[in-house]
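All remarks here apply to the structure that follows.
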Amino acid sequence: MPQEIELKFALPGTRADDAVQRLRRHPLLRRRPMRQQRLLNRYYDTPDGWLRAQRCALRLRGIEPLPGTAAPAAPGARRWEQTLKTAGHGSGTLSVRGEWTTPLARPMLQPAALHATPLADAPDVAQRLAELRPVHETRCLRTTWTVRVDDGSTIEVALDAGDIRAQGRRAPLLELELELMAGDPAALHAVAAELATCLPLLPARTSKAEQAQRLGEGTLDQPVPARPLDLPRHADPMAVARAALGDALGQLCDNLLVAARHDAPEAVHQARVGWRRWRSLLRLLRPWLPTPPDHEGLRPLLACLGQVRDLDVALTETLPRWGPLFVEDEAAHPQRLRAWQQADRRLSASARRARQALRAQLASPTTGQALLACATWLQQLPAQAEAHADWAAERLRRWHARLLRTLTASAHPADAPTTADALHTARLLAKRLRYGAEAVTPALPAKAARRVQRWQRDARAWQSRIGRWRDTQRAAELLAEHHADAALTGFLRGVALAERRAEAHSGG
């Protein structure tokens, strides 16, 4: 089966012309011929989304070489080709997809060529192919270099800059693709690591066709939650690692890209969820995993995410929930209203600055290098790991027992700080148990799966309940840091204390 093997990266905070110049100056590319082409990609599907349901993408591509570059065809001569791609698979951000390309004499679909692809086995294929219509398109300037590395592998480096068009909507497109033309897929990561020294390469797992589909639906920039994992029963630790860690890293990177373009609080939240899943799964699978990459390069990014999230929660959840109770009566207590409004303005200004700092981190090559290191490590995991049949349930059983002990300890503290520490620890343990349980449940026998799902529900409930106290406490700390009115800060501290006592009591 013909395959496309590639890595794809978004370039947050980067202009297209700047990206081209940085690549041209890079030691890996500066002595290599550069080619530029204008690409028109027109995607097809049936009105009811048959190809999408088959997890396939069908496109017509028009290719027009630009004069003055090392293009193989005459400038101004547009050639056409038809390509079918099947759903991708692979570890982490590496995409391996079936790909069938047919040269065309003119820009018209050739349904007959699709009979040599997996679509030939689909029911009612002739009728379905007759229903194909254009649904969306992309237009871009593609700049490419061909790299031959020391091990003999050949890689095409392609920068695409343009836009996506669907259902009357447009969205900018800027991404870097590294495609393996021949050789070892590991060479893709080696080349990416070199290019990541000059550009902010954010690993991306969404194809152009998927982006266009989401644009047409109005969901392109919606936050991305965890995806359901497709794991066989009794999957070994490495199968779980590739699927679950791959999705956690993808969730982190997908939402970082949304956060780079929009102020949606949920995108920041889902990015942090992706990171917590990654860390929790590393702990769950630690006995079988090689040493993971150092996360030091991600510390500035993670600090920015935490700061933005704390401010978002305070502004969109905690203050709206408790502010009206603090004010009580605007006419009777106008000074309380002014205090609340002033606090809101100060925190909002800090949130804007925090988002600017977050975007600056996303535009830093250091961040991309650290994320790429995670993706490369994931790609290099061993194929299998020896483990007994109930390895996952046994690990989660220990985590569940530790959570129960911590909750019990929080109900009988020697002093108030111990209560707070125990509850905070319990919240972290609940998150760890929840994310671990979500990952391995599909691989468990039915009885064990039901038990683990119960632990998962309990962990989610404890995470949410303790989280309410923690959010209120953090909002009070932010008010103090921003020199808010002492009465408002004291009010929230009192609410947090009451919530902490309530959770500590229920923990017993």
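We did not get these values from a lab; they are worked out from the coordinates using the rules stated. These numbers come from a predicted model, not from an experiment. Counting neighbours? That spans all protein chains shown, and the Cβs are built from the backbone with ideal geometry, glycine included.
For this structure, a couple of remarks:
- Theoretical FRET efficiency, 1/(1+(r/R0)^6), r = Cβ-Cβ of residue 197 and residue 345, R0 35 Å, to 0.05: 0.30
- Within the chain, helix-based [θ] at 222 nm, where runs of 4 or more DSSP H residues each add -39,500 (n - 2.57), nearest 500: -16500 deg cm²/dmol
- Those GluC sites (Glu not before Pro) in segment 254-353 that DSSP places in a loop and that have at most 16 other beta carbons within 10 Å: 328, 330
- Neighbours of residue 217 by Cβ distance under 12 Å: Lys/Arg scored +1, Asp/Glu scored -1, total +1.
- Shown here for segment 190-237: trypsin sites (Lys or Arg not before Pro) in loop regions (DSSP other than H, G, I, E, B) with at most 12 other Cβ atoms within 10 Å, namely 233.
- If R0 is 45 Å, the Cβ-Cβ spacing of residue 502 and residue 18 corresponds to a FRET efficiency of close to 0.25.
- Sorted ascending by nearby beta carbons within 10 Å, beginning with the fewest, 464, 95, 153 become 464, 153, 95.
- Shown for 372, 132: other C-beta atoms within 10 Å of each C-beta, ranked fewest to most, produce the order 132, 372.
- Here the label points at residue 333 and residue 151, each 7 Å from Cα along the C-beta direction, are separated by 6.7 nm in the simple model.
- Using C-alpha pairs below 8 Å separated by at least 6 residues, the relative contact order for the chain is 15 percent.
- Placing +1 on the Cβ of every Lys and Arg and -1 on the Cβ of every Asp and Glu, with no other charges, gives the chain a dipole of roughly 320 debye about its Cα centre.
- Placed amide H near residue 45: partners under 5 Å, 5+ positions off or other chain: 133, 135
- Taking the chain as the region of interest, the number of lysine pairs whose Cα atoms are within less than 23 Å, with members eight or more places apart or on different chains, is 4.
- For segment 94-253: relative contact order, % (alpha-carbon pairs under 8 angstrom, 6 or more apart): 16 percent
- C-alpha center-to-center spacing [segment 199-251, segment 445-508] in angstrom: 29 Å
- Packing-based ranking, highest mean first, of 137-148, 107-118 given that Cβ atoms within 10 Å are counted: 137-148, 107-118
- Each Lys or Arg adds one and each Asp or Glu subtracts one; over the other residues with Cβ under 15 Å from the Cβ of residue 227, this totals 0.
- Classification of the chain by its C-alpha gyration tensor yields a prolate form. The axis ratio a/c (a ≥ b ≥ c) is 1.5 or more, and a/b outweighs b/c.
- Around residue 41: net Lys/Arg minus Asp/Glu count, Cβ-Cβ under 9 Å: +4
- FRET efficiency for residue 486 and residue 321, using Cβ-Cβ distance with R0 set to 30 Å, rounded to 0.05: 0.90
- For segment 107-160 versus segment 345-418, the spacing of their alpha-carbon centroids is 38 Å.
- Cα shape, segment 3-220, gyration tensor, a/c 1.5 rule: prolate
- Fewest-first ranking of 181, 34, using other Cβ atoms within 10 Å as the exposure measure: 181, 34
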